[in-house]
Amino acid sequence: MRFIADFHLHSKFSRATSKDMEVESLARWAKRKGISLLGTGDFTHPTYFAELRSKLVPMGNGLFELKKGEKGVKFILTTEVSNIYTQDGKVRRIHNLIFVPSFEVAEAIASRLGNLGKLSSDGRPIFSFSAKELVKMILDISTDCMVIPAHAWTPWFSIFGANSGFDSIEECFGEMSRYIRAIETGLSSDPEMNWRLSALDSITLISNSDAHSPNRLGREANAFDCELDYREIVQTLQTKDRKRLLFTIEFFPEEGKYHYDGHRQCGVIFSPSQTKASSYLCPTCHKKLTVGVMHRVEELSDRPEGFIPKNAIPSIHLIPLEEVIAEGMGYRVGTKAVEAEYERLTERGGSEFRILLEATPDELASFVPPKILEGIVRMRQGKVSIIPGHDGVYGKISLFPERKEEEKAKEQLKLF
């Protein structure tokens, strides 16, 4: 069966997350988005794990569903772990996702990790041992688990991050590298950027939302054609099965908050070549620039931009429907008018992903206002204008840049 999965998200017990990040609300939003399988996130947090045990029931295939509430959305037990440690004289900060097949395995992992750090302080716990030791520990508990490097290119907390990462999977995980069969590309990179590294040809590239609030679910996701079954999903990821992993759903990577280099305090946004020309220093304050994902890919790549490997799994770039609606209506995301229109469209269209991916323009025209429909068509055609994200600031994407030029012109006329 075909379905969309979003494996990486956080609960209300993680820092800077919405109080609505609990399974009932997540299931309602997933249905609205068109997502059939969600990671639970944060199963290592004691209070959240107790909630998961009380609210979810095992389906007998390594997945779970709500005891009460939305039954159409399934869950897979996941968490994210932060490892901060020193290797080869450098401080490393690595985030990894962990997939597990049962409450019993999750409990065993939490028990082991609880002896090495404080699990109740944050849904994403921090440990001082290496990522390699993490993989060994997890697989010693159960070989059915899977460990996946999270948001692999972000500067501060990732396997390839410019500030604290490594140059290869092998450098990070050593003899445990053979068990790293997938990486999460993150919001600031996409598969096309990762295809430039031949070392990743055998690695499955997945994409997830890393959502901290329910409306962010699915901003990146994965489309499967297989059984909703834990072992079949993990096997698909481990073997890079192109028949069962159909495509990934992507942000336009320029919209990610670490795509380009820069210094947000001074408003500096640089391409890799500009950063090199300025000796990696901010031209305004002369502090070190934050080196972004694009720069890091350029450093490690051994192929030109645009290279497509033979075994590449396709990707589709989308803009969240709320953002399309907001720009089409001329309002901001989060306003009541945008929220009301989002609810109306997803109710009428079936789900957000059906509207963005599947419905024909003729079908959409029967219930989508013309300007919003035009935005959807432009998005599908890749006709977008983007100011790249940098140094923790999200990029600014526009489907109607001509409208902004008109507004600028009007403002200038008011000055005379």
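The values are calculated or read from the model by the stated rules, or taken from the named source; none is laboratory data. What you see is a predicted model; the values in this text were computed from it and never measured. Cβ sites come from the backbone with ideal geometry, for glycine too, and all protein chains shown count toward neighbours.
Checking each residue in the range 374-407 for being farther than 22 Å from Tyr258 by Cβ, in contact (Cβ under 8 Å) with a residue 24 or more places away in the chain and of a type in the set (A, V, I, L, M, F, W, C) picks out Ile376, Met379, Leu399, Phe400. Within the range 56-91, the set of residues being β-branched (Val, Ile, Thr), farther than 16 Å from Leu9 by Cα and touching a Leu at 6+ places or on another chain (Cβ under 9 Å) comprises Val57 only. In this structure, does Asn208 turn out to be touching a residue at least 12 places away in the same chain (Cβ under 8 Å), assigned to a helix (DSSP H, G or I) and under 30 Å from Glu343 (Cα atoms)? The answer is no for Asn208.
Answer yes if at least one residue in the range 327-338 is more than 30 Å from Ile269 (Cα to Cα) and either touching a strand residue (DSSP E or B) at 6+ places or on another chain (Cβ under 9 Å) or among the acidic types (Asp, Glu) (or both), and no otherwise. Within the range 327-338, none of the residues are more than 30 Å from Ile269 (Cα to Cα) and either touching a strand residue (DSSP E or B) at 6+ places or on another chain (Cβ under 9 Å) or among the acidic types (Asp, Glu) (or both).
Got a number for residues in the range 365-389 being in a helix (DSSP H, G or I) and at pLDDT below 95?
Looking only at that region, the number is 0.
Just one residue in the set Phe160, Phe127 is among the aromatic types (Phe, Trp, Tyr), over 20 Å from the mean Cα position of the chain (by Cα) and crowded, with 18+ Cβ neighbours inside 10 Å; that residue is Phe127. Under the condition of being free of Cβ contacts under 8 Å to residues at least 40 places away in the same chain and under 22 Å from Ala106 (Cα atoms), the residues counted in the range 13-50 number 3. Among strands (runs of 3 or more DSSP E) entirely within the range 1-91, having at least 2 residues that are crowded, with 22+ Cβ neighbours inside 10 Å and of a type in the set (Val, Ile, Thr) singles out 74-87. If you check Ile183 against the conditions, is it of a type outside the set (Gly, Ala, Ser), crowded, with 18+ Cβ neighbours inside 10 Å and in contact with a strand residue (DSSP E or B) (Cβ under 7 Å, 6 or more places away or on another chain)? For Ile183, the condition - of a type outside the set (Gly, Ala, Ser), crowded, with 18+ Cβ neighbours inside 10 Å and in contact with a strand residue (DSSP E or B) (Cβ under 7 Å, 6 or more places away or on another chain) - is met. You will find that of Leu119, Leu113, the residue that is closer than 29 Å to Leu63 by Cβ, in contact with a strand residue (DSSP E or B) (Cβ under 8 Å, 6 or more places away or on another chain) and touching a residue at least 24 places away in the same chain (Cβ under 8 Å) is Leu113 and no other.
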